[in-house]
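Working notes, beginning with the structure itself.
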Amino acid sequence: MSEKFLDQFSEHIEFNALNQALYDHVHIFLDENGTPIATGGINKGVDLIAIRNLSHNYDVAVPIARGGLNQGAIANLWEMTTRIVDIAAHNRKVPKGKWVNPVTTEDFNGKRVLLFDKDAVSGATIRQAVKMLSRFKTASIGVYFTHRVLCPGNIDFGTITSGLPKGLEIFSPSNATLEKAGDVYIEAHEKLGTLYGRCLQIGKLFTEEAQKLQKQFPELAASFKTFVSEQFRVFDSLNPNLPGILEVREQILLKMNNLYREHLDFVKDDMYSLSGVAENFKKILMTTQSMPLGFESELIRARYSKQGEEAARRRNIENPHYPSNPLAAFNVAQKAVKEGFDTVSSS
């Protein structure tokens, strides 16, 4: 899969929702480790996938402060054990390094270790990191660079590998495995708790409960599956880039969560064994509206409140009145325009 395709892939509206959530995760990671500053960037649409795939082949992430901290936070997201090292090598004859986190032999002995840094020029920083790891009995050591690896003799912007230790496994966006991109992004949504991720999680919970109910209450189980399918269809049909849609999506999730908790209470109290309870809950699921109650008003407020405020300002109205029923007001205004009214008076 090409980087160009990944760039286009990551522009999808659901995948763009990861940006802020990932940014927040990185900052939490930095704060928790007392390293508030990270240099270098994140390769959008690449690092999440590449590091997820590498996490299957490595046990411990060692981000080098400060250039490798962003990617170290991503490794932490994928539940790799993370130990940060701070190395000063620039303009030094003898590089110096220290562990930011306490380390033990158990952290590294027999483990596959993956270093993270933004690039390499002389290779002194990576050599120092490998030297610091030499007192442990690591199974293997690799490194992931944020910047692409340059071909020998290329003087362009990127990573120069000629000064790196021999036998080091070297990865970058140029050669890292980018398999199962869709699966990785879905997993990231769930781990980062985005709206889309939470929708997937509650859907899985309903599906699991349907499987448990299948033998004793097959019709109720079928209604669970139908309900989830319809909620997903509506959720996915709403464009999150439009004003008010995020709030409507939140209401859909709230409704699903409330029904799920009600179901769990029924299971806990063995209510489904009582006559008519399973049938009543099935009817609730089958008659629940896909869109939340009052969603039209929510969208109207989100899309037209600023225009209303601007119109009030032009007429020197300091305290504009907001209709208690925005949908009714919208319909009246729409009718007035359609019937050709030229002016509008207000009191």
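A few notes on this one:
- Sequence-separation-based contact order of the chain, relative, with Cα cut under 8 Å and 6+ spacing, percent: 12 percent
- Listed by chain and number, the aspartates and glutamates whose C-alpha is less than 17 Å from the C-alpha of residue 268, apart from same-chain residues fewer than 8 away, are 208, 209.
- Each peptide in 216-223, 91-98 receives the mean, over its residues, of other Cβ atoms within 10 Å, and ordering these scores from highest gives 216-223, 91-98.
- Computed Kirkwood radius, in angstrom, where 1/r is averaged over Cα pairs of the chain: 24.5 Å
- Sum of side-chain charges, residue 36 neighbourhood, beta-carbon under 15 Å (Lys, Arg +1; Asp, Glu -1): -3
- Net lengthening on full extension, residue 311/residue 211 (0.36 nm per residue, minus Cα-Cα): 30.5 nm
- Entry note, the chain: the mean residue ellipticity at 222 nm calculated from DSSP H runs of n ≥ 4, each adding -39500 (n - 2.57), is -16000 deg cm²/dmol after division by the residues and rounding to the nearest 500.
- GNM result for the chain, Cα springs below 10 Å: residue of 289, 307, 201 fluctuating most strongly: 307
- Listed residue pairs exceeding 23 Å between alpha carbons, taken from 255/283; 44/204; 98/131; 44/180; 225/255: 44/204
- Total charge dipole magnitude, the chain, about the Cα centre, Cβ charges on Lys, Arg, Asp, Glu only, Debye to nearest 20: 1100 debye
- Centre-to-centre separation between the Cα atoms of segment 160-194 and those of segment 42-113: 13 Å.
- For segment 52-95, the alpha carbon convex hull comes to 74 Å³ per residue, rounded to a whole number.
- Volume per residue of the C-alpha convex hull in segment 3-178, rounded to whole Å³: 116 Å³
- Axis angle, to the nearest 10 degrees, between helix 277-287 and the longest C-alpha principal axis of the chain: 90 degrees.
- Net lengthening on full extension, residue 258/residue 241 (0.36 nm per residue, minus Cα-Cα): 3.5 nm
- Segment 194-295: relative contact order as a whole-number percent, Cα under 8 Å and 6+ apart: 34 percent
- Over all other residues within a Cβ to Cβ distance under 13 Å of residue 136, the charged ones net out to +3, with Lys and Arg as +1 and Asp and Glu as -1.
- For segment 3-178, share of DSSP beta bridges that run antiparallel, in % to the nearest 5: 20 percent
- Degrees, to the nearest 10: 326-338 long Cα axis against longest axis of the chain: 70 degrees
- DSSP beta bridges confined to the chain are antiparallel in about 20 percent of cases.
- Between the helical axis of 181-192 and the longest alpha-carbon principal axis of the chain there is an angle of about 70 degrees.
We did not get these values from a lab; they are worked out from the coordinates using the rules stated. No experiment lies behind these values; they were computed from the predicted model shown. With ideal geometry, Cβ positions are generated from the backbone for all residues, glycine too; neighbour counts draw on all protein chains shown.
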